[in-house]
Structure formats: C-alpha cells, structure tokens
Amino acid sequence: MQTKVPAAFKNSGAPVTPPAAEPQSRKQTPATAWKRMTLGDVATTPIHELLQTLGVRIVETPAGELEADGITGYFAGQVGDGEIQIEQSLPQSDREAVVRSLLARITPQWQNYNTRRPTAPRLVPVPFLNGMVHVECPDWCVLDHLGEDRQVHLEDVDHSSERADLAITDLEGSNWGFIDCRINVEPFSGIEGEQAPHLLLSDETNYHHLTPEQGLKLADDLVAFAAKVRHQAERAGR
C-alpha cells in the first residue's frame, strides 16, 4: 500500500516559498474549520485545500482491492486525523467526486464508511392504459409503480424518495406550518430541469423545484437559521 496524495490533487507550477507561520493563537484547527464549513464549502473548495484543512490524507490501494467489494472509496478517522482509501486504478475523472462525497460525512468523532460503485439501472414495470412499460427507476425511489393508477402519458411517470418533514407548532400546540422535501425526477417531462434528479419542496400549498446546488444553499441557510432560533430559545428559557 502506498501513501501519497494522487497527482490529480496536487498543485502544479513552480515551487513557491511557504508563507511565514502564523502565531499559534491565530491558527485554525481542523475542528474549528469543520465547524465553520458549510455543505457548499465542501462542494466547491479546491480538493487539495479541503484535504489539508480537514486533516485527511489519501491512500492509494492496489487495483482490485476495494473493487472486489464494490467499493470506490473508504474513509476511516475523524476531523484532524482521517484517511481516505481509493484504488490506484480509479479514473482521475472519478476521484474528486468520490473524495468529496466521503468528506461531506466527516465528523469530530471517529467513524468509518464507504462509497459504493453504481449498480446497473433498476427496471420496473409501470402500467399504462394500453399495456405495461418498463422504465429505469433510481435506487432511492420509494414509489410503488405497479400499485399506482394506470398512466395515460409517459411524461406523467416520476420517481420520488422518502420525505424529510418539518412540522411547526405554536403555544397552543396547533400545527400551523408543514414543509416537506424529497428527491424527485420526471425523466420524460417536457421541462428540462425536471428530467434530472432535483429536490421537490412542498409547503402544503405549492411545489417548488430546486437544483441540487440550490438545495445545498437552502440546507446551509436552514442550519444558520436553526442556530439563531436555538440561541433565541435558550435566552428566552433563562
């Protein structure tokens, strides 16, 4: 086993003089950096910088070692001391996506997890008025296509994941707000943005379609909002 950062993650160009060391009091620890990091940061920060900031190293394993178990990447460790294993034979074009998906799950507590290679498309039968049609169904889809009413138009076929729900109650215990979000795709839709997996947000009145990037931005905003609500609730409860 060879321990190194793959060439795809190294900066190119002539050597540069390293900057002067910061005073110890001004240095940012991996745990501090992780606490301030958003999902958007994990998705956009240059990969070599992300690895250095979170204290994670890359280990290349011999070809076939992970693939034999259907694994594309393996993580063990925690913020500040982690290791990602990828195969030497993993195409350079696939490496960054694998590493970013592993780093998105890192925490200050020690853990281990992996990413698995995609399996062959799952084909499911969908009943139509004039017969049965088999369509590709994502592994995250929880719909019972056979149990649905018979479809009339192919563009009516959609796939949906489990929902994330948020219900809001007031002082009297009344439910005055409800929001849910799920992954959705309508592969035969006439609207281009709905043909690829995206997020479908519902507020009981309207449906809103969000791109994955917009979903990440919404998640970051909700985390910031939740932190402020928690602070206000703690002050109110003193």
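The values are calculated or read from the model by the stated rules, or taken from the named source; none is laboratory data. Just so we're clear, the structure is a prediction, and the values are computed from it rather than from any experiment. Please note: Cβ atoms are built from the backbone with ideal geometry, for glycine as well, and neighbour counts cover all protein chains shown. Remember, those area values only see protein heavy atoms, side chains included, never the ligands or the DNA or RNA. Shrake-Rupley method; radii C 1.70, N 1.55, O 1.52, S 1.80 Å.
Anyone know which of Gly80, Gly55, Gly190 comes out most mobile in the 10 Å Cα GNM of the chain?
Result: Gly190 has the largest fluctuation of those listed.
Which ³J(HN,Hα) values, rounded to whole Hz and listed in residue order, are derived for the range 130-146 from phi using the Karplus coefficients 6.51, -1.76 and 1.60 in 6.51 cos²θ - 1.76 cosθ + 1.60 with θ = phi - 60°, glycine and proline given as x?
Coupling constants for the range 130-146: 10, x, 10, 10, 8, 10, 5, 10, x, 5, 8, 6, 10, 6, 8, 4, 5 Hz.
Grab the Cα-Cα distance for Glu192 and Asp221, subtract it from 0.36 nm times how many residues apart they are, and report the gain in nm with one decimal.
7.8 nm
Sequence-distant or interchain residues sharing an amide H contact under 5 Å with Trp140, placed H: which?
It is none; the list stays empty.
For the chain, what class follows from the C-alpha gyration tensor (a ≥ b ≥ c being the square roots of its eigenvalues): rounded when a/c is under 1.5, otherwise prolate if a/b is larger than b/c, else oblate?
oblate
Tell me the per residue accessible area of the chain using a 1.4 Å probe; a whole number in Å² is fine.
Accessible surface, normalised per residue, equals 67 Å².
For the chain, calculate the relative contact order in percent as a whole number, restricting contacts to Cα pairs under 8 Å that are 6 or more residues apart.
In percent, rounded to a whole number, it is 12.
For the range 167-174, just list the computed ³J(HN,Hα) in residue order, Karplus coefficients 6.51, -1.76 and 1.60, θ = phi - 60°, integers in Hz, with x standing in for Gly and Pro.
Running phi through 6.51 cos²θ - 1.76 cosθ + 1.60 with θ = phi - 60° gives 10, 10, 10, 9, 4, 8, x, 7 Hz.
Rounded to the nearest 0.05, what FRET efficiency do Ser93 and Thr211 have when you use their Cβ-Cβ distance and R0 = 30 Å?
Numbers: r = 22 Å, r/R0 = 0.73.
Efficiency at R0 = 30 Å is approximately 0.85.
Is there a quick way to get the dipole size of the chain? I mean about its Cα centre, with the Cβ of Lys and Arg at +1 and of Asp and Glu at -1; what is the value in debye to the nearest 20?
Its charge dipole is roughly 1440 debye.
Amide H neighbours of Arg57 under 5 Å, counting only residues 5+ apart in sequence or on other chains, H built in-plane at 1.01 Å?
Sorted by chain and number, the residues that satisfy this are Gly82, Glu83, Ile84.
When only C-alpha pairs under 8 Å and at least 6 residues apart count, what is the relative contact order of the range 133-238, in percent? If you can, show how the numbers build up before the last one.
Working: 132 pairs, mean separation 17.2, N = 106.
It rounds to 16 percent for the range 133-238.
Taking amide H positions as placed in the peptide plane 1.01 Å from N, state which residues far from Thr72 in sequence (5 or more) or on other chains have amide H under 5 Å from it.
Thr115, Arg116, Arg117
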